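Encoded as C-alpha cells, the structure appears first; notes follow it.
The values are calculated or read from the model by the stated rules, or taken from the named source; none is laboratory data. This structure is a prediction, so every number in the text was calculated from the model and none was measured. When we count neighbours, we look across all protein chains shown, and the Cβ atoms used for this are built from the backbone with ideal geometry, even at glycine.
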Amino acid sequence: MTPPLLSIIIPAYNEERRLPDTLQKISSFLLRQDYTYEVVVVENGSTDRTLDIARLFEQDYPFVRAMHLEGRGKGLAVRAGMLAAEGEYRFICDADLSMPIEEVNRFIPPLKPEGEIIIASREAPGAVRYDEPIYRHLSGRAFNLAVRLLALPGLRDTQCGFKCFSAEAARTIFPLVTIHGWTFDVEALYIARRRGYRIVELPIPWYFNPESKVHLLRDLRQVVRDLLLIRRNAQQGVYDARPSSL
C-alpha cells in the first residue's frame, strides 16, 4: 500500500480530559484535506481512561491507531510512535493542541520550508504567544539558554511540542534516542544535526495551557543531567551507530 503523506503522532499520558476534544478537532480537520493521513495515539503509563478513549476513536475513524506501552515517558512514547508511523512526514503533536491543528499544513508540502525537520517555534520572528504567564516565559528562556550552551547553539525553541520529520530522518534518528523523558526533543535534534539534517524553525501561534505537565524550574536538575548525558553519548559515539529500530 502507498504510505500516507502525513502521520500525526500524539503521546498521551493521563489525557482522558483533553484527548477527546483533541482527537475530534484533528479528525474533523483531516477529513477536509485532500491528502492521505493517519493518527497514531501512543498511551503509556496512564492511570485513567486515556487508552479506552483512543480505542473508541480507533473504532470510529479508520485512520486512527491506538498504541499502548508499558513504560513511562514522553520520549519513549514519541520514539515508538515515530517508528510505528508510516507517513512520508511524521508530525509530533502534543495532546493539549496548544497550536491550532490547521497550522500542520505549513509543515508538509507544498507549504513546508526546505529542510528535513521543521519545528514549531514560539521565538522565531512572526510567532505569537497567547496568555502565557511571565514566569513561564522566563523559565523557558532559561531552559533554552542551557540547551544552546550545552547542545544546540542557534535554535531558539526546542521544546514546543510540534515537530515534523521526514520519514527518512525519523527512521535514522529515533532508534538512537535514549532519553525517555521530555528532554528527548533536544536529543533528537542533536542527533539530527550530527547526522547532517537541516532543522528549520517555523513561527506559530501558540496558546498557553495552564494544565501543562511540564515544570521547567522544578525539573531543572534532570534537564541538566539529560543535557550532559547527550554530550557524553556523543563523545562515546552512541549517535554514530548504525540505526536500529529495536
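A few remarks follow.
- Where a residue in the range 217-240 is over 19 Å from Arg195 (Cα atoms) and its partner, wherever it lies, is in a helix (DSSP H, G or I), with Cβ under 6 Å and at least six apart: Leu217/Ser139
- Leu31 vs. criteria at pLDDT 95 or above, surrounded by fewer than 21 Cβ atoms within 10 Å (Cβ to Cβ) and either closer than 27 Å to Asp226 by Cβ or more than 18 Å from the chain's Cα centre (by Cα) (or both): yes
- Residue satisfying condition, being at pLDDT 95 or above and more than 19 Å from Tyr239 (Cβ to Cβ), within set Ala146, Ala127: Ala127
- Residue in the range 57-68 that is at positive phi and either in a loop (DSSP other than H, G, I, E, B) or surrounded by fewer than 19 Cβ atoms within 10 Å (Cβ to Cβ) (or both) present: no
- Residue satisfying condition, being buried (at least 20 other Cβ atoms within 10 Å of the Cβ) and among the polar types (S, T, N, Q), within set Thr2, Thr50, Thr36: Thr50
- Listing of strands (runs of 3 or more DSSP E) fully contained in the range 80-196 that carry 3 or more residues being under 20 Å from Leu23 (Cβ atoms): 89-93, 162-166
Yes/no matrix, rows are residues, columns are (1) out of contact with any Lys or Arg (no Cβ under 9 Å at 6 or more places or on another chain); (2) part of a strand (DSSP E or B); (3) under 20 Å from Glu70 (Cα atoms); (4) without any contact (Cβ under 8 Å) to a residue 40 or more places away in the chain:
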position	(1), (2), (3), (4)
Pro4	yes, no, no, no
Glu15	yes, no, yes, no
Thr22	yes, no, no, no
Ser28	yes, no, no, yes
Asp34	yes, no, no, yes
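Each row is one residue, and each column tells you yes or no for (1) over 26 Å from Arg221 (Cα atoms); (2) among the aliphatic types (A, V, I, L, M).
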residue	(1), (2)
Pro100	yes, no
Phe107	yes, no
Glu114	yes, no
Ile117	yes, yes
Ala120	no, yes
Asp131	yes, no
Arg136	no, no
Gly140	no, no
Asn144	no, no
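- Residues satisfying the stated conditions in the range 158-188, i.e. farther than 24 Å from Glu88 by Cβ and either among the aliphatic types (A, V, I, L, M) or surrounded by fewer than 23 Cβ atoms within 10 Å (Cβ to Cβ) (or both): Gln159, Thr178, Ile179, His180, Gly181, Trp182, Val186
- Reported count of residues in the range 169-197, each being over 27 Å from Leu97 (Cβ atoms), in contact (Cβ under 8 Å) with a residue 24 or more places away in the chain and not hydrophobic (A, V, I, L, M, F, W, C), is 6.
- Residues of the range 87-126 satisfying the condition of being surrounded by 15 or more Cβ atoms within 10 Å (Cβ to Cβ), farther than 23 Å from Asn144 by Cβ and either without any contact (Cβ under 8 Å) to a residue 12 or more places away in the chain or over 11 Å from the mean Cα position of the chain (by Cα) (or both): Gly87, Glu88, Tyr89, Ile101, Val104, Asn105, Ile108, Lys112
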